[in-house]
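Report on one structure; see the data block that follows.
The values are calculated or read from the model by the stated rules, or taken from the named source; none is laboratory data. Computed from a predicted model, the values in this text were never measured in an experiment. Here the Cβ positions follow ideal geometry from the backbone for every residue, glycine too, while neighbour counts run over all protein chains shown. In case anyone asks, the SASA skips ligands and DNA or RNA and just uses the protein heavy atoms, side chains included. Shrake-Rupley method; radii C 1.70, N 1.55, O 1.52, S 1.80 Å.
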Amino acid sequence: MLRLLAFLLLFILVVPLIRVLIGAAARALTDFLGKGGSRPRPEIGGKLHRDPVCGVYVSEQSAVKRVKGGETLYFCSEDCARKHGQTMGNS
Ligand SMILES: [Zn+2]
């Protein structure tokens, strides 16, 4: 009977300890997942396209677009779009 009481006492002491440990583990996991989620992404605004003039990758949203022969070209700046137009000859 004394053994059972001791066991109960131990159980009562151990349960909060386990809870604390689980809480710490959960917090660590949340931290880990949170860090993983906030990792900087290469681009926020959609697909990336290569500027054919300078070779820089630009997002669809921020790119300077030019349609040539039914094909959309993406440039990093008006400057590159103009340069491309010059190298292409007449546009
Ligand atoms: Zn460019």
Neighbours by Cβ (under 6 Å, 6+ apart or cross-chain): first from region 47-74, more than 15 Å from Thr87 (Cβ to Cβ) and open to solvent by less than 60 Å² (accessible area, probe 1.4 Å); second away from the ligand (no atom under 15 Å from the Cβ) and at pLDDT below 95: Ser59/Glu43; Ser59/Gly45; Ser59/Gly46
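Residue check: is Arg41 open to solvent by 70 Å² or more (accessible area, probe 1.4 Å) and modelled with pLDDT of 90 or more?
Values: open to solvent by 70 Å² or more (accessible area, probe 1.4 Å): yes; modelled with pLDDT of 90 or more: no.
When the stated conditions are applied, Arg41 does not pass them.
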Residues located in region 66-91, provided they are within 13 Å of the ligand (Cβ to nearest atom) and outside any helix (DSSP H, G or I): Arg66, Leu73, Tyr74, Phe75, Cys76, Ser77
